[in-house]
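Here the structure comes first, spelled out in structure tokens, and everything after it is commentary.
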């Protein structure tokens, strides 16, 4: 795909519509119920309909080309989707009984250095697949599987009154979001997408890298102290 085609495809899809909100809600609830029941296939299936591909790639693209207006649109769309995921799963956590030790759910609260590598790979793979014209559903699963399950787990745990596990799941979500954007920016640049303002691109990438370094330091610090995220 050409630069103009990539830009147009992503920009046109970054909007908060009724369809976007409904599919975010459905994917969050289905993923939450799948994790609650320990059903991995259900969780993956929920990611097929999760519409987070466009706003996530738009955030990386906006940093790459230095388009702050696109960045604000992407943040607004991602923020609305994230808030809806949290609200819907918090309510679900209040309504149903949750076993916090179910592996499919509890695993979303465990953060290791390998998760950084996995999220970076997911972001790079998502951009490469998108640029090569791969199916939007396929590319979307790569991105959504790193974002929706941990955020849904955070909501479930918060609704169930477990603040510690909720914060840990939010940490995994934040880690994945930062890594996906770093990988997306770097991959867009390596694919030859020209920045309009190099200073803006470099500054944003530097901020993301500092945040990622802080995440890695927190993980290493807990390991050094003998306090595993896995409890």
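Structure data summary
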read-out	value
Flag for residue 77 being more than 16 Å from the chain's Cα centre (by Cα) and on the phi < 0 side of the Ramachandran plot	no
Any hit, segment 128-147, residues being under 23 Å from residue 60 (Cα atoms), modelled with pLDDT of 90 or more and either buried (at least 19 other Cβ atoms within 10 Å of the Cβ) or touching a helix residue (DSSP H, G or I) at 6+ places or on another chain (Cβ under 9 Å) (or both)	yes
Answer from 190, 170 - the residue that is free of Cβ contacts under 8 Å to residues at least 40 places away in the same chain and loosely packed, with under 15 Cβ neighbours inside 10 Å	190
Residue 205 vs. criteria over 25 Å from residue 85 (Cα atoms) and modelled with pLDDT under 85	yes
Some residue of segment 12-27 being over 30 Å from residue 91 (Cα atoms) and in contact with a helix residue (DSSP H, G or I) (Cβ under 6 Å, 6 or more places away or on another chain)	no
Hey, residue 78 more than 17 Å from residue 174 (Cα to Cα) and assigned to a helix (DSSP H, G or I) or not	no
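For every residue, the table says whether it meets (1) in contact (Cβ under 8 Å) with a residue 40 or more places away in the chain; (2) over 26 Å from residue 5 (Cα atoms); (3) in contact with a strand residue (DSSP E or B) (Cβ under 6 Å, 6 or more places away or on another chain); (4) surrounded by 19 or more Cβ atoms within 10 Å (Cβ to Cβ).
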| site | (1), (2), (3), (4) |
| --- | --- |
| 77 | yes, no, no, yes |
| 92 | yes, yes, no, yes |
| 104 | yes, yes, no, no |
| 108 | yes, yes, no, yes |
| 122 | yes, no, no, yes |
| 153 | yes, yes, no, yes |
| 157 | yes, yes, no, yes |
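The values are calculated or read from the model by the stated rules, or taken from the named source; none is laboratory data. Please read these numbers as outputs of a predicted model, since none were measured by experiment. Cβ: placed from backbone, ideal geometry, glycine included. Neighbour counts: every protein chain shown.
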